[in-house]
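Trainee: Below are the structure tokens for one structure; questions will follow.
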Amino acid sequence: MIVVIALICGLSALVLILGLVLPSITGPTVPFGVRVPLDRGDDPAIAGQTRRYRWRMVVSGIVLTGAGVAGYGVTGAAVLLPLSVLLVLGAWYGCFFLAHHEIRAAKAAGGWYEGLCQGVSVDTGLRSDPPRFPWLWLTPALIITVATVVIGIIGYPSMPETLAVHYRATGVPSRLAAKSVGTAFSLVFVQVGMTALLAGAAAAIVFRSRADLDPAHSAASARWHRRYVSLGAKALLGLVAMIDLGMLGSSLLMWTGTVTSWAPLVVVAPILAGVIVAIVVLARHNREQEPSEEGTGLVHRDDDKYWRSGLFYVNREDHALWVPRRFGLGWTLNFANPRAAMFLIGVVALIGLAITLRFGG
């Protein structure tokens, strides 16, 4: 009971902390997903919305998490705890949208782009000489996945004849099934699929993501992009390894017939640790360093029309699958690209299958 509450509070705190620091690590030309000229980055309208956004985040995060824990204490309904995390995420979006809307209104009213020379920079070498894919960083995920398969094959004869295939959030089995290859290796199939899908996403980020280069300092911006892409791929592959470790723990619980209240922690802790490390690494390098080269006098083009609410990129003319996020860390999908739907369907299917098999209902 205490473990589940602590885990949910930790997740809510992580979401809240990330939401509070994002305005500080987002590029100065895209505050809250709105494209602005560099000299407008410290405009009073932006500074004021940043303060309001943080206050709203703090109040809503504390209230929603507290309400979820209190509701769980009164009713005992475990669904209230993960629901509080989802509500904190929803509150984050609401706070973001309010700031985004106000800054766009200030930008339009003030004519921030009037009289400026807009430009676009392209690094043509990204196709002929792309950054190197960090294959070595894929090794831990492959080792863990192979180890899971080997352990399952060796231990299959000695597994209990009845396996727990469905757990409640407290770690108590809620559904049992007769041992079979399909039952025993159900999570292994999910693990293999997730590893392949996310490794493919890392490769796509390196080879098929679009660089959002600063036309005022093209060369320095291109160098930063190459370093950041490589770092992002390494962070994602490291996260894949931690996800595989959590899946290995989940499979071991099934194969050994272990019943413990610590089961959710065994599965979630490695994944949460991987997420935290990836966030910290990307956050430290999310903004370009001050360029040493002389500026060209150009500014980023005003491309807000391709960004829905500053978060979702939809551009049929852009063939890139991944683009840098406007607000946040890493990359986001180009939702006008047909391959984006295929990727999302794969992720949702694998996550849904894993949740259904282990910790649903």
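Trainee: State which residue is nearest to ALA204 (Cα to Cα) when the search covers only the stretch 127-146 and only residues that are hydrophobic (A, V, I, L, M, F, W, C) and in contact with a helix residue (DSSP H, G or I) (Cβ under 8 Å, 6 or more places away or on another chain). Full working, then the answer.
Mentor: Step one: filter the stretch 127-146 for residues hydrophobic (A, V, I, L, M, F, W, C), giving 133, 135-138, 141-144, 146.
Applying the additional criterion that residues be in contact with a helix residue (DSSP H, G or I) (Cβ under 8 Å, 6 or more places away or on another chain) yields 133, 137-138, 141-142, 144.
Values: PHE133: 10, TRP137: 15, LEU138: 14, ALA141: 18, LEU142: 18, ILE144: 22 Å.
Checking each candidate, the answer is PHE133.
Trainee: Identify all residues within the stretch 270-306 that are modelled with pLDDT of 85 or more, closer than 19 Å to LEU38 by Cα and not basic (Lys, Arg); write none if there are none.
Mentor: Listed by number, the residues that qualify are LEU298, VAL299, HIS300, ASP302, ASP303, ASP304.
Trainee: Still on this model: For ARG223, are the conditions met, namely being at pLDDT 85 or above, surrounded by fewer than 17 Cβ atoms within 10 Å (Cβ to Cβ) and in the same structural domain as VAL150 (by TED's automatic domain parsing)?
Mentor: yes
Trainee: Scan the stretch 20-49 residue by residue and report those that are surrounded by fewer than 18 Cβ atoms within 10 Å (Cβ to Cβ) and not in a loop (DSSP other than H, G, I, E, B).
Mentor: The initial filter retains those residues of the stretch 20-49 that are surrounded by fewer than 18 Cβ atoms within 10 Å (Cβ to Cβ), namely 20-21, 24-25, 28, 38-39, 41-42, 44, 47-48.
LEU20, VAL21, SER24, ILE25, LEU38, ASP39, PRO44, ALA47, GLY48, listed by residue number.
Trainee: Only one residue in LEU245, LEU231 is in a helix (DSSP H, G or I) and under 15 Å from VAL267 (Cα atoms). Which one? Full working, then the answer.
Mentor: On the way: LEU231 fails: under 15 Å from VAL267 (Cα atoms).
Step by step, each of LEU245, LEU231 is checked, and only LEU245 is in a helix (DSSP H, G or I) and under 15 Å from VAL267 (Cα atoms).
Trainee: If you don't mind, another one. Tell me the residue from THR145, THR124, THR139 that is in the same structural domain as ILE205 (by TED's automatic domain parsing) and in contact with an Asp or Glu (Cβ under 7 Å, 6 or more places away or on another chain), please. Break it down stepwise before answering.
Mentor: Values: THR124 fails: in contact with an Asp or Glu (Cβ under 7 Å, 6 or more places away or on another chain); THR139 fails: in contact with an Asp or Glu (Cβ under 7 Å, 6 or more places away or on another chain).
THR145 is the lone residue from the list that is in the same structural domain as ILE205 (by TED's automatic domain parsing) and in contact with an Asp or Glu (Cβ under 7 Å, 6 or more places away or on another chain).
Trainee: Follow-up. Considering the stretch 43-62 alone, what residues qualify as being without any contact (Cβ under 8 Å) to a residue 12 or more places away in the chain and more than 24 Å from the chain's Cα centre (by Cα)?
Mentor: Answer for the stretch 43-62, where residues must be without any contact (Cβ under 8 Å) to a residue 12 or more places away in the chain and more than 24 Å from the chain's Cα centre (by Cα): PRO44, ALA47, GLY48, ARG51.
The values are calculated or read from the model by the stated rules, or taken from the named source; none is laboratory data. Here the structure is a predicted model, which is why all the values come from computation and not from measurement. As a convention, Cβ positions derive from the backbone with ideal geometry for all residues, glycine included, and neighbour counts pool all protein chains shown.
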